[in-house]
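Engineer: A single structure is presented below for examination.
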Amino acid sequence: ESEEENFLRSPICCVMGHVDAGKTKLLDCIRGTNVQKGEAGGITQQIGATYLPAENIQERIKELKAADDKHMKVPGLLLIDTPGHEPFTKLRSRGSGLCDIAVLVVDIMDGLKPQTIESLNLLKSRNTEFIVALNKVDRLNGWKPCPNAPIIKAMKQQSQDVKNEFNMRVVQIVTQFKEQGINTKLNVNENKRMRETYSIVPISAKSGEDIPDLLSLMVYWTQKSMTEKLTYSNEVQCTVLEVKYVEGLGTTIDVILVNGVLRRGDQIVVCGNHGTPIVTRIQSLLTPEPMKELRVKGKYQHHSEIRATQAIKITSPQGFEHAIAGTALYVVGPDDDLEEVKEAAMEDMMKSVLVNNNKNGSSSTAGDGGVCAQASTLSSLEAMLEFLKAQEVNIPVRGIGIGPIQKKDVRKASVMLEKKILAFDVKVTPEAQKLADELGVKIFVGDIIHEVIKAYMQNLKEEKE
Ligand code: GTP
Ligand code: NA
Ligand code: MG
């Protein structure tokens, strides 16, 4: 085996937690930036990403004893910032879905809050390991700041009152975690049994206490316990994080390249929200400078190729207006069949929409029954699925589609137990209608969801009579 096949990629670390716990501020403290101050209302509303090269991490942790005896094998860390506000559940899910490890930020003055628990449940459901960053220790009454100092050292500088308050709050928070079924423990030295007991690292994103320890834990723990997962693979694994219009660049996509290499000129396929995949070429591969936030407009570095792991902004000649965040990006290789890649891209997305829908709804008990739901765009489909799930309606969904109803959609419905398509705000092609008549597939179509549902219900009643 050559060394080439065995090196580690950078771990992806997602920063999660309740509103104003200090996620962005923590990243600012690590990067030496001021992103949080520039946010409208101090609220994060998009997923962010920042690459920290190994050199910068090493510089930051050089004072630690751990840094002397250990060798850093990962090339860096890719940090993902997520919004804490309640409505951004989808973004938190997207962010956490990508990561190798998470940092769950908890405000020491507040303890566990609703979005802390929501994040915790997301991490549990995916079996994602995490570190608890117990933030804002500087807010303990009478705290003496000790910038960048390890917490043990900083604690020695504090009065007995501060120490008492600190201990009391830690005990409370450990209890709150226990109530969620999670064992946690102050990370005093190295926490060896990370999987059963999660580490709590007390930090201040304002004055920098224990930030080096947190970084060092992220690096050494991931490279030690996730070697297999972090072993670099040449096969492209890439997810669209955000779809964003940028003045002068058009509609771009921000992606996380987990594995493989992207090159300028590569033919790529991404999901489209009108039911057709976007097939295009990479026009430019852009990254912010290292230690800078991708979501903040700044100077971009241009690359002819980039190897994983990286957060990258991609532009294409026709733009990415209809791209869907959260879906996979495919590179069409010389041996690949474009049609197959296009199908795979759309299928992945459809599957995940359907899985999510059934997971959150009562429809999962449908057995073999269920209708096909089809709408003009992904968002109108999602709205439609919500309507169908409503208690008083409760129509189980078996298949979904986006865009005009074509013969293939009719064929799909024809092999189901209930040969019915509910179509919202889409056209039915004449050939599809003809085929539907032949195969006994009923299509209920309309521009108002309620009316489509009403027509379906009416038909159901007639059938029963
Ligand atoms: P959302 O992205 O909106 O969910 O918030 P966030 O978790 O990113 O928190 P943010 O970084 O916006 O910080 C919220 C507020 O807490 C800001 O006013 C920060 O300056 C402040 N803050 C963050 N960390 C610390 C800290 O360690 N100490 C003190 N004193 N204040 C902090
Ligand atoms: Na905030
Ligand atoms: Mg934030």
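Engineer: Which members of the stretch 1-57 meet the condition of being in a strand (DSSP E or B) and either near ligand 3 (Cβ under 10 Å from one of its atoms) or surrounded by fewer than 20 Cβ atoms within 10 Å (Cβ to Cβ) (or both)?
Structural biologist: Of everything in the stretch 1-57, those that are in a strand (DSSP E or B) and either near ligand 3 (Cβ under 10 Å from one of its atoms) or surrounded by fewer than 20 Cβ atoms within 10 Å (Cβ to Cβ) (or both) turn out to be 8, 15, 17, 48, 53.
Engineer: If I go through the stretch 32-61 residue by residue, how many of them are within 16 Å of ligand 2 (Cβ to nearest atom) and in contact (Cβ under 8 Å) with a residue 60 or more places away in the chain?
Structural biologist: 6
Engineer: Let me ask something else. What about residue 128, is it modelled with pLDDT under 95, in contact with a strand residue (DSSP E or B) (Cβ under 6 Å, 6 or more places away or on another chain) and hydroxyl-bearing (Ser, Thr, Tyr)?
Structural biologist: Considered against the rule, which asks whether it is modelled with pLDDT under 95, in contact with a strand residue (DSSP E or B) (Cβ under 6 Å, 6 or more places away or on another chain) and hydroxyl-bearing (Ser, Thr, Tyr), residue 128 comes out as yes.
Engineer: Oh, and also: Between 149, 205, which is under 21 Å from residue 19 (Cβ atoms) and in contact (Cβ under 8 Å) with a residue 40 or more places away in the chain?
Structural biologist: Sole residue among the options that is under 21 Å from residue 19 (Cβ atoms) and in contact (Cβ under 8 Å) with a residue 40 or more places away in the chain: 205.
Engineer: Out of all the residues in the stretch 219-229, which are surrounded by fewer than 23 Cβ atoms within 10 Å (Cβ to Cβ) and either touching a residue at least 24 places away in the same chain (Cβ under 8 Å) or within 12 Å of ligand 1 (Cβ to nearest atom) (or both)?
Structural biologist: 220, 221, 223, 225, 226, 227, 229
Engineer: May I ask you to say which residue of 178, 156 is without any contact (Cβ under 8 Å) to a residue 12 or more places away in the chain and under 21 Å from residue 123 (Cβ atoms)?
Structural biologist: Going through 178, 156 in turn, just one is without any contact (Cβ under 8 Å) to a residue 12 or more places away in the chain and under 21 Å from residue 123 (Cβ atoms): 178.
Engineer: What pairs come out if I take residues in the stretch 93-119 that are over 15 Å from residue 18 (Cβ atoms) and pair them with residues that are outside any strand (DSSP E or B) and hydrophobic (A, V, I, L, M, F, W, C) whose C-beta lies under 7 Å away, six or more apart or interchain?
Structural biologist: Pairs found: 93/122; 94/47; 94/325; 100/226; 100/230; 101/218.
Engineer: So, in the stretch 64-113, of the ones that are more than 30 Å from residue 356 (Cα to Cα) and within 12 Å of ligand 1 (Cβ to nearest atom), which residue ends up nearest to the chain's Cα centre (by Cα)?
Structural biologist: For the stretch 64-113, the residue satisfying everything is 107.
Engineer: If we scan the stretch 20-32, do we find a residue that is modelled with pLDDT under 95 and over 25 Å from residue 152 (Cα atoms)?
Structural biologist: No, the conditions are met nowhere in the stretch 20-32.
Engineer: Restricting to the stretch 8-58, and then to whatever is among the hydroxyl-bearing types (Ser, Thr, Tyr) and closer than 27 Å to residue 225 by Cα, can you tell me which residue is farthest from ligand 1 (Cβ to nearest atom)?
Structural biologist: My answer is 10.
Engineer: Is it the case, given these coordinates, that residue 410 is crowded, with 18+ Cβ neighbours inside 10 Å and in contact with a helix residue (DSSP H, G or I) (Cβ under 7 Å, 6 or more places away or on another chain)?
Structural biologist: Yes; evaluated as a whole, the condition is true for this residue.
Engineer: Where the second residue is of a type in the set (Asp, Glu) and in a loop (DSSP other than H, G, I, E, B) and the first is closer than 18 Å to residue 349 by Cβ and lies in the stretch 384-405, which pairs have Cβ atoms under 9 Å and are six or more apart or on separate chains?
Structural biologist: 384/425; 398/368; 398/418
Engineer: Within the stretch 193-228, how many residues are closer than 16 Å to residue 133 by Cα and in a loop (DSSP other than H, G, I, E, B)?
Structural biologist: Looking only at that region, the number is 10.
The values are calculated or read from the model by the stated rules, or taken from the named source; none is laboratory data. Nothing here was measured: the structure is a model prediction, and the numbers come from that model. Neighbour counts are summed over all protein chains in view; Cβ atoms, including those assigned to glycine, are modelled from backbone coordinates with ideal geometry.
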